[in-house]
1. So which residues in segment 13-42 are out of contact with any helix residue (DSSP H, G or I) (no Cβ under 8 Å at 6 or more places or on another chain), in contact (Cβ under 8 Å) with a residue 12 or more places away in the chain and either within 18 Å of V89 (Cβ to Cβ) or of a type outside the set (K, R) (or both)?
2. Confirm whether S14 is on the phi < 0 side of the Ramachandran plot, at pLDDT 90 or above, surrounded by 13 or more Cβ atoms within 10 Å (Cβ to Cβ) and not acidic (D, E).
3. Can you report the number of residues in segment 43-66 which are under 20 Å from V10 (Cα atoms) and without any contact (Cβ under 8 Å) to a residue 24 or more places away in the chain?
4. How many of the residues making up segment 28-43 are part of a loop (DSSP other than H, G, I, E, B), of a type outside the set (G, A, S) and either surrounded by 15 or more Cβ atoms within 10 Å (Cβ to Cβ) or touching a Phe, Trp or Tyr at 6+ places or on another chain (Cβ under 7 Å) (or both)?
5. Would you mind telling me which numbered condition in (1) at pLDDT below 90; (2) surrounded by fewer than 11 Cβ atoms within 10 Å (Cβ to Cβ) L83 fails?
Amino acid sequence: MAEIIVTMGVSRASYYFSSIGWLFREQIQHDWGIDAQIEIKNEDYATGKLIASQIKSGISYFTEENDDYYILRFVEKHIEYWLNHSLPVFL
């Protein structure tokens, strides 16, 4: 079941970014915290501007919330990895 939820989360992200005209590239190799790279397009042209994406799906990641947002908790080593990544990381 977990594999299905992961696949659905990545598919949903792919659908969203594709629907706004950006290029979504799933990382198919095992990674340590980046699930996709997204290239921003300006009208019909790729800009070369990339963002990395860590995609979390499934109810287990969204157990804490308040009126305005969900609270995601991560291990410190993952946060350091994202903060030191060469690309901005979108969670």
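The values are calculated or read from the model by the stated rules, or taken from the named source; none is laboratory data. All values reported here derive from a predicted model rather than from experimental measurement. Reconstructed Cβ throughout: ideal geometry from the backbone, glycine too, with neighbour counts over all protein chains shown.
1. Residues of segment 13-42 that are out of contact with any helix residue (DSSP H, G or I) (no Cβ under 8 Å at 6 or more places or on another chain), as a first pass: 13-22, 25, 27-31, 34, 37, 39-42.
Next, only the ones that are in contact (Cβ under 8 Å) with a residue 12 or more places away in the chain stay: 13-14, 17, 21-22, 25, 34, 37, 39-41.
A13, S14, F17, G21, W22, R25, I34, Q37, E39, I40, listed by residue number.
2. Values: on the phi < 0 side of the Ramachandran plot: yes; at pLDDT 90 or above: yes; surrounded by 13 or more Cβ atoms within 10 Å (Cβ to Cβ): yes; not acidic (D, E): yes.
Yes: the conditions hold for S14.
3. Narrowing segment 43-66 to residues under 20 Å from V10 (Cα atoms): 50-63.
So of that shortlist, the ones also without any contact (Cβ under 8 Å) to a residue 24 or more places away in the chain come out as 59-63.
The qualifying residues number 5.
4. Our first condition is that a residue be part of a loop (DSSP other than H, G, I, E, B); within segment 28-43, this holds for 28-35, 43.
Pick out the ones that are also of a type outside the set (G, A, S) and you get 28-32, 34-35, 43.
Narrowing the set further to residues that are either surrounded by 15 or more Cβ atoms within 10 Å (Cβ to Cβ) or touching a Phe, Trp or Tyr at 6+ places or on another chain (Cβ under 7 Å) (or both) leaves 32, 34-35.
Summing the residues that are part of a loop (DSSP other than H, G, I, E, B), of a type outside the set (G, A, S) and either surrounded by 15 or more Cβ atoms within 10 Å (Cβ to Cβ) or touching a Phe, Trp or Tyr at 6+ places or on another chain (Cβ under 7 Å) (or both) in segment 28-43 gives 3.
5. The failed condition is (1).
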